[in-house]
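Novice: Pasting a structure here, questions to come.
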Amino acid sequence: PKLFCSHSLGSPLTFPRMAEIGKLARLEVLKQAPQGLYLDGGPLGDILLPKAQVPDWATPGTALEVFVYCDSEDRPIATTRKPFAQSGQFASLEVVSVNPKLGAFLDWGLDKDLLLPFREQKRRLRKGMRAVVYIYCDQVSQRVVASARIRRFLSPYKPNYQEGDAVDLIVFDETPLGYNAIVENAHAGLLYKGELSEPLEYGQCLSG
């Protein structure tokens with residue numbers, strides 16, 4: 001059976017105590033309001049957690065594990081739902097729709113789908129296809145977006161794992177020799193065809 005992933009590999013989801021667009025955080029509840037709870041977003045200001053997602057036990061002074069992103073009006077907003085991947089991570093995600101003016105929208109586990117702009121695509125995508133992408137926060141718009149131009153985001157630094165270590169892989173390209181894969185959410189590695197028991201597929205996740 002083919003194994004596909006809809007979550008990032010190599011970098012665990014963590015909860016720092018500081019709000020950052022496109023990332024998970026553990027934030028303190030400041031006050032209650034008819035529309036939900038306002039959380040301490042630090043430099044981002046007060047961040048709304050909509051009423052529909054407020055846990056029954058949450059009160060001012062308690063801390064909540066949330067994901068911070070921008071709503072349709074580009075305002076920071078929080079959700080208790082955890083995305084398949086956050087800013088700074090690679091993931092293999094499914095295309096749920098294509099806008100002819102903007103690009104492809106990917107399912108990353110939240111109500112608001114993730115945009116993969118046409119300029120960041122290496123091939124045109126259709127609904128139901130998969131895309132291996134890097135997720136990041138655009139510094140101009142402050143929106144969380146995706147890019148399929150994988151090599152631009154790979155780490156230039158020497159890996160800290162050693163020969164013989166188990167690693168997580170996401171296949172992102174096929175070559176005459178084998179398959180290129182993202183290794184531990186950071187580097188590119190080659191899987192030789194002659195060493196595989198069966199062909200791999202674009203977007204497939206596996207251990208190596």
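Novice: Go through the range 11-62 and tell me which strands (runs of 3 or more DSSP E), entirely inside it, have 2 or more residues that are of a type in the set (A, V, I, L, M, F, W, C), over 26 Å from residue 145 (Cα atoms) and modelled with pLDDT of 95 or more.
Specialist: Once the strands (runs of 3 or more DSSP E) in the range 11-62 are filtered for at least 2 residues that are of a type in the set (A, V, I, L, M, F, W, C), over 26 Å from residue 145 (Cα atoms) and modelled with pLDDT of 95 or more, what remains is 23-33.
Novice: Right, next: Would you mind stating whether residue 179 is crowded, with 19+ Cβ neighbours inside 10 Å, in contact with a helix residue (DSSP H, G or I) (Cβ under 7 Å, 6 or more places away or on another chain), modelled with pLDDT of 95 or more and not hydrophobic (A, V, I, L, M, F, W, C)?
Specialist: No: the conditions fail for residue 179.
Novice: If you don't mind, there's one more thing I want to ask. Considering the range 63-76 alone, what residues qualify as being open to solvent by 40 Å² or more (accessible area, probe 1.4 Å), in a loop (DSSP other than H, G, I, E, B) and not small (Gly, Ala, Ser)?
Specialist: Result: 73, 74, 75.
Novice: Among the residues that make up the range 121-137, is at least one of them part of a strand (DSSP E or B) and loosely packed, with under 13 Cβ neighbours inside 10 Å?
Specialist: no
Novice: If you go through the range 62-92 one residue at a time, how many are of a type in the set (A, V, I, L, M), touching a Cys at 6+ places or on another chain (Cβ under 9 Å) and more than 17 Å from residue 26 (Cβ to Cβ)? Write out each step before concluding.
Specialist: Filtering the range 62-92 down to residues of a type in the set (A, V, I, L, M) leaves 63-64, 66, 68, 77-78, 85, 91.
If we keep only those that are touching a Cys at 6+ places or on another chain (Cβ under 9 Å) too, we end up with 77, 91.
Of the ones still in play, those that are also more than 17 Å from residue 26 (Cβ to Cβ) are 91.
Residues flagged as of a type in the set (A, V, I, L, M), touching a Cys at 6+ places or on another chain (Cβ under 9 Å) and more than 17 Å from residue 26 (Cβ to Cβ) within the range 62-92 amount to 1.
Novice: Now for a separate question. Could you check how many residues of the range 145-174 are without any contact (Cβ under 8 Å) to a residue 40 or more places away in the chain, open to solvent by 40 Å² or more (accessible area, probe 1.4 Å) and not in a loop (DSSP other than H, G, I, E, B)?
Specialist: Qualifying residue count, the range 145-174: 4.
Novice: Can you pull out every residue in the range 77-101 that is farther than 27 Å from residue 48 by Cα, open to solvent by 50 Å² or more (accessible area, probe 1.4 Å) and in contact (Cβ under 8 Å) with a residue 12 or more places away in the chain?
Specialist: Within the range 77-101, 94, 98 qualify.
The values are calculated or read from the model by the stated rules, or taken from the named source; none is laboratory data. Everything quoted here is computed from the prediction, not taken from an experiment. Note that each Cβ is placed from the backbone with ideal geometry, even for glycine, and that neighbours are counted across all protein chains shown. Ligands, DNA and RNA are excluded from the accessible area calculation, which covers all protein heavy atoms including side chains. Shrake-Rupley method; radii C 1.70, N 1.55, O 1.52, S 1.80 Å.
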